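Following: one structure in structure tokens, then a few remarks.
The values are calculated or read from the model by the stated rules, or taken from the named source; none is laboratory data. From a predicted model like this one, the values you see are computed outputs, not experimental measurements. Cβ coordinates were reconstructed from backbone atoms using ideal geometry, including for glycine residues, and neighbour counts include every protein chain displayed.
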Amino acid sequence: MSLESIKYKRGKLEVLDQLLLPLQTKYVKVEGVEDGWKVINKMQVRGAPAIAIVGCLSLAVELLKDDIEDKKIMRQEIEGKLNYLVSARPTAVNIKLAADELINLANTLNADENVTPNEFKERFVISIENMLIKDIEDNKAIGKFGCEAILNNANDGSVRILTHCNTGSLATAGYGTALGVIRSLNESKKLEHVYCTETRPYNQGARLTAYELVHEKIPATLIVDSMVSALMYTRNITAVVVGADRVAANGDTANKIGTYQIAIVAKHHGVPFYVAAPLSSIDMSLTSGDRIKIEERPDREMTHIGEHRIAAPGISCWNPSFDVTPTNLITGIITEKGVFTPNQLKDVIPKDSAVVPK
Ligand code: MRU
């Protein structure tokens, strides 16, 4: 059975509390937008696609409970609540793009005189619920395209992959993006081994990716973040595959802190470096990665492990949660529509969804 980070049945939403993994499996109820904001902000649910889906589903849950009879008020409430949800974590763009699309939908439904308030709510909620299905379909396509690209460029029959952070079932509605590529390579029997980094300070690699890899019985080894150069020098790595929180129009990619240094090391060793992400992670409104807002998180993530202090009391900390890998270090961006070089992105994003670059 694959891991399920999001459990949803019409009007009922629960998320797997990722703060407790791998030691405890507990689901937290999300009864509306306030709960949605909190589980995202506290990182009980995390990963760009999962953040977007849980945020929007929390709105669906709330709407299904409300008896607003006025379409104009419903539209206003929707816009305010979506903007609030977007503020829970600033770097991943998926929730912002989903919110913009949903606000457009609410405007259209509000303006259409033939749509009753009940129909408005029903159609709006269904379009949110569809995000769950679409995300899994997109991830399977990403897995397939990524697997083909890596095998086409591999010199031998089996491959060794390095990944960073967690991009699997826990970070998405299911299957995963970069971990979806790894899953797909494993299904094709061509995966010799995968290495996952610990991913300090929040340890998404050691706690979550390692957990998923063990659960799926994929041959895997955990390394600490500072072992990446030694790994590339000694283990004949075929490719690096990571996820993304926001890809700018030129291909610069914000992802978990540490991704940038892995890309530099990969370049030095001539190892292809792939970003696996759905088109909903691409922000065509930003010309380059300099404009991506990087979330900074509390010192405690660095100074403590659980309740146990590991850093000297009194030391100051800097804890940016993401960094930006420049486009020139990226071999390809694996999407649900195929694998593209960064400079092909502008031709891939449908014109009607592309926001004019600032
Ligand atoms: O801080 P997190 O755990 O939300 O960061 C997650 C990542 O950086 C992932 O690599 C990214 O969101 C892609 S998840 C499919």
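What's the total number of residues in the range 153-169 that are of a type in the set (A, V, I, L, M) and either touching a Pro at 6+ places or on another chain (Cβ under 7 Å) or within 16 Å of the ligand (Cβ to nearest atom) (or both)? Adding up the residues that qualify gives 2. Scanning the range 43-67 for residues that are touching a helix residue (DSSP H, G or I) at 6+ places or on another chain (Cβ under 9 Å), part of a helix (DSSP H, G or I) and charged (D, E, K, R) returns a single hit, Glu62. The residues listed here are Glu129, Glu198; of these, the one that is touching a strand residue (DSSP E or B) at 6+ places or on another chain (Cβ under 8 Å), closer than 30 Å to Glu295 by Cα and more than 15 Å from the ligand (Cβ to nearest atom) is Glu129. Taken over the range 163-202, the residue count meeting the criterion of being touching a Phe, Trp or Tyr at 6+ places or on another chain (Cβ under 7 Å) and of a type in the set (A, V, I, L, M) is 0.
Would you check if there is a residue in the range 336-344 being modelled with pLDDT under 95, farther than 14 Å from Ala249 by Cβ and among the charged types (D, E, K, R)? No - not one qualifying residue is present in the range 336-344. Among the residues of the range 29-36, some residue qualifies, meaning at least one is more than 14 Å from the ligand (Cβ to nearest atom), in contact with a Gly (Cβ under 7 Å, 6 or more places away or on another chain) and not in a helix (DSSP H, G or I). As a summary of the residue check, Gln18 satisfies the conditions (1) touching a residue at least 60 places away in the same chain (Cβ under 8 Å); (2) polar (S, T, N, Q); (3) surrounded by fewer than 21 Cβ atoms within 10 Å (Cβ to Cβ) except for the one numbered (3). Taking the range 250-331 and the strands (runs of 3 or more DSSP E) fully enclosed by it, the elements with 2 or more residues that are out of contact with any His (no Cβ under 8 Å at 6 or more places or on another chain), away from the ligand (no atom under 12 Å from the Cβ) and under 30 Å from Tyr233 (Cβ atoms) are at 273-276.
Inclusion of Ala206 among residues that are within 22 Å of the chain's Cα centre (by Cα), within 16 Å of the ligand (Cβ to nearest atom) and closer than 25 Å to His268 by Cα is not warranted.
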